[in-house]
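Visitor: One structure follows; several queries about it will come next.
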Amino acid sequence: MTKVREHLPVILAGLVVGIASVVLVALGNPVNMGFCIACFLRDIAGGVGLHQAPIVQYIRPEIIGLVLGALIMALAGKEFKVRGGSSPMTRFVLGFCVMVGALMFLGCPLRMVIRLGGGDGNAILGLIGFIIGIFVGTLFLKKGFSLKKSQPQPKIEGLLMPAVGVGLLTLVIAAPAFIFFSTEGPGSMRAPIAAALVVGLVVGAIAQRSRLCMAGGIRDAMMLRDFHLLMGFVAIFVAVLVGNLIVGAMGLKGGFTPGFAGQAVAHTDGLWNLLGMVLVGLGSVLLGGCPLRQLILSGSGNSDSSVAVLGMVVGAAFCHNFGLASSTDGPSFAGKVAVIIGLVLVCVIGVGNTKKA
Amino acid sequence: MNQVDARGYSCPEPVLMTKNALKNGTPLVVLVDNETPLQNVRRFAANNGYQVTWKEVGEDYELTITK
């Protein structure tokens with residue numbers, strides 16, 4: 001049996017991510033959204049004007065911190081190996097579809113766990129959908145699904161995503177008139193830039209080191225009876241739950257409020273919460289990791305993951321330009337159509353990349 | 001010698017390739033190109049009762065799995 005010592009980094013990483021998300025809420029981020037990769041990429045898309053939804057526009061320093069933290073840790077651990085060229089267009093489309101699903105549910109898998117830890121019952125439906133999506137993904141993997149080999153690439157290829165991060169950081173600090181800052185809604189709720197950046201750096205570094213992945217945890221448990229990554233997933237939930245109970249008792253922003261109706265940045269349409277996360281789970285398994293993991297890999301020299309992240313950003317812009325994203329009132333008709341198309345598209349990609357073993 | 005070249009494949013493919021190749025018996029040599037599959041393949045083999053040794057070969061890692 002694997003030694004407990006081997007599981008400690010991923011459990012520790014989960015605890016730190018959970019605590020970080022509670023702290024970021026107390027410092028100003030939206031409730032149950034201390035950390036959400038999908039929401040924050042969507043905010044960044046709005047911050048640079050790729051969409052014009054006024055309530056979700058802000059260049060989130062947390063995301064920049066995650067990429068740069070992963071870069072620093074990968075360099076320090078001599079793990080910065082630049083690779084790319086494994087089905088880039090397919091990865092872009094998968095990233096796009098994952099975002100469509102996430103904005104139907106209103107959160108990535110990480111925020112799903114954070115919502116669960118805040119008492120948001122709607123996230124239970126999301127979790128069920130996520131598990132179903134991952135299960136379908138494992139069927140493709142068992143049938144031989146592969147996005148084919150990546151190849152070594154020049155260093156510059158792997159440094160471009162972190163460079164984009166530095167550029168975005170410069171923009172959010174300098175705040176020139178041509179970038180967008182929400183003055184109301186979730187995009188206006190933000191922890192101070194320095195705090196958000198530092199928390200992002202710390203989480204990025206430990207997520208790189210521990211390979212924390214929401215989709216990987218459930219996937220490995222299903223396919224390989226390997227519960228290593230799942231422990232990180234559970235640790236996030238425990239830390240968020242305990243953290244929320246503590247901040248609730250202290251009267252700070254956040255806290256544990258169980259129920260379905262009236263949850264922060266969430267809607268109560270169970271079927272579409274579920275279907276949105278089916279798409280996220282399936283897309284994440286085919287990509288080889290959840291949105292958090294894609295972001296971490298994009299800072300570690302993996303340009304295939306960088307392309308997936310770009311797919312998510314463009315997907316987010318489409319979602320808000322064409323009314324596909326849900327609101328607290330519920331999903332839109334266009335959003336439902338987009339999720340169905342996304343599910344079909346991802347299955348076609350699954351079949352098209354599967355060879356008989 | 002039973003051998004798997006999993007360099008360039010993203011997880012969990014190296015583990016699945018290892019799992020399939022182990023059906024043809026041990027010793028099995030697995031080549032991977034970064035630390036993530038190195039850890040994952042080691043954990044998979046250890047969890048399933050195999051012995052694993054590994055060494056760095058240039059930029060890559062070579063794992064040897066035995067019963």
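Visitor: With every protein chain left in place and a probe of 1.4 Å, what is the accessible surface of residue A:183, to the nearest 10 Å²?
Guide: So the heavy atoms of residue A:183 present about 130 Å² to solvent.
Visitor: Taking the Cα centre of region A:4-352 as the origin, how large is its charge dipole in debye, to the nearest 20, when only Lys and Arg (+1) and Asp and Glu (-1) carry charge on their Cβ atoms?
Guide: So the dipole magnitude of region A:4-352 works out to roughly 820 debye.
Visitor: Here is a further query. Over region B:27-67, what percent of the accessible surface lies on carbon and sulfur atoms, probe 1.4 Å?
Guide: Numbers: 820 of 1850 Å².
Of the solvent-accessible surface of region B:27-67, carbon and sulfur hold 45 percent.
Visitor: Also, quick follow-up: Find the percent of Cα-Cα distances in the protein assembly as shown that exceed 38 Å, and round it to a whole number. Walk me through the numbers before you get to the answer.
Guide: Values: 13662 of 89676 pairs.
Result: 15 percent of Cα pairs exceed 38 Å.
Visitor: Hey, another quick one. Report for the protein assembly as shown the percent antiparallel among DSSP-assigned beta bridges with both residues inside it, nearest 5. Please report the intermediate quantities before stating the final value.
Guide: Numbers: 16 of 22 bridges.
Here the share of antiparallel DSSP bridges comes out near 75 percent.
Visitor: With 18 Å as the limit, write out which pairs from A:143/B:23; B:19/B:55; A:78/B:19; A:142/B:67; A:3/B:23; A:3/A:142 have Cα-Cα distances beyond it, or answer none.
Guide: Result: B:19/B:55; A:78/B:19; A:142/B:67; A:3/B:23; A:3/A:142 exceed 18 Å.
Visitor: Identify the residues of region A:282-325 with backbone N under 15 Å of a label point that sits 7 angstrom from the Cα of residue A:160 along the Cα-to-Cβ direction, or state none.
Guide: Output list for this probe position: A:298-311.
Visitor: Mind listing the phi-derived Karplus ³J(HN,Hα) values for region A:319-326, rounded to whole Hz, using 6.51, -1.76 and 1.60 with θ = phi - 60°, and x for any glycine or proline?
Guide: Couplings: 4, 8, 6, 10, x, 8, 6, 6 Hz.
Visitor: Then there is this: Return the unpartnered cysteines for chain A, using a Cβ-Cβ cut-off of under 4.7 Å.
Guide: When partners are defined as cysteine Cβ atoms under 4.7 Å apart, chain A leaves A:97, A:108, A:213, A:290, A:319, A:347 without one.
Visitor: If I stretch the segment between residue A:5 and residue A:132 completely, what's the gain in nm (0.36 nm per residue apart, minus their alpha carbon distance), one decimal? Mind dumping the intermediate values first?
Guide: Working: separation 127, 0.36 × 127 = 45.72 nm, distance 3.09 nm.
Length gained, residue A:5 through residue A:132: 42.6 nm.
Visitor: Per-residue accessible area for residue A:80 at 1.4 Å probe radius, Å² rounded to 10?
Guide: 20
Visitor: May I ask for the net charge around residue B:44, where only other residues with Cβ less than 11 Å from the Cβ of residue B:44 are counted and Lys, Arg are +1 while Asp, Glu are -1?
Guide: Counting the neighbours of residue B:44, the net charge comes to +2.
Visitor: Which of rounded, prolate, oblate describes region A:214-276, given a ≥ b ≥ c as roots of the alpha-carbon gyration tensor eigenvalues and a/c under 1.5 marking rounded, otherwise prolate only if a/b is larger than b/c?
Guide: On the way: a/c = 4.07, a/b = 1.38, b/c = 2.95.
Note, shape of region A:214-276 comes out oblate.
Visitor: If you don't mind, another one. Cβ under 12 Å from residue A:196's Cβ, residue A:196 left aside: what net charge do those residues give with Lys, Arg +1 and Asp, Glu -1?
Guide: Once all neighbours under 12 Å are counted, the net charge is 0.
Visitor: Determine the calculated [θ] at 222 nm for the protein assembly as shown from helices alone, applying -39500 (n - 2.57) to every DSSP H run no shorter than 4 residues and normalising by the residue count; nearest 500 deg cm²/dmol.
Guide: -20500 deg cm²/dmol
Visitor: Can you give the relative contact order of chain A as a percent, counting alpha carbon pairs under 8 Å and 6+ residues apart?
Guide: 37
Visitor: Let me ask another. When a/c reaches 1.5 or more, the comparison of a/b and b/c decides; with that in mind, is region B:2-66 rounded, prolate or oblate per its Cα gyration tensor?
Guide: Rounded is the answer for region B:2-66, as its axis ratio a/c remains below 1.5.
Visitor: How big a patch of accessible area, both sides summed and in Å² to the nearest 100, lies buried between B and A at a 1.4 Å probe?
Guide: By this definition, chains B and A bury close to 2000 Å².
Visitor: Residue by residue, what Karplus-based ³J(HN,Hα) values in Hz, rounded to whole numbers, does region A:271-279 have, using 6.51, -1.76 and 1.60 with θ = phi - 60° and x for Gly and Pro?
Guide: 4, 7, 4, 5, 5, x, 7, 4, 5
Visitor: Still on this structure, I have one more. If you take every DSSP beta bridge whose two residues both sit in region B:2-66, what share of them, in percent to the nearest 5, is antiparallel?
Guide: Percent antiparallel among DSSP bridges in region B:2-66 is about 75.
Visitor: May I pose another question? Whats the longest run of chain A with zero trypsin sites (Lys or Arg not before Pro) that are DSSP loop and have at most 12 other Cβ atoms within 10 Å? Could you put the intermediate results ahead of the total?
Guide: Working: sites that count: A:3, A:78, A:225, A:355, A:356.
Maximal segment without exposed cleavage sites: A:79-224.
Visitor: Now a separate question. Quick one: accessible area per residue over chain A, 1.4 Å probe, rounded to a whole number of Å²?
Guide: 37
The values are calculated or read from the model by the stated rules, or taken from the named source; none is laboratory data. Computed from a prediction, not measured in an experiment: that's the story for all the values here. Reconstructed Cβ throughout: ideal geometry from the backbone, glycine too, with neighbour counts over all protein chains shown. These area figures cover heavy atoms from the full protein model, side chains too; ligands, DNA and RNA do not enter into them. Shrake-Rupley method; radii C 1.70, N 1.55, O 1.52, S 1.80 Å.
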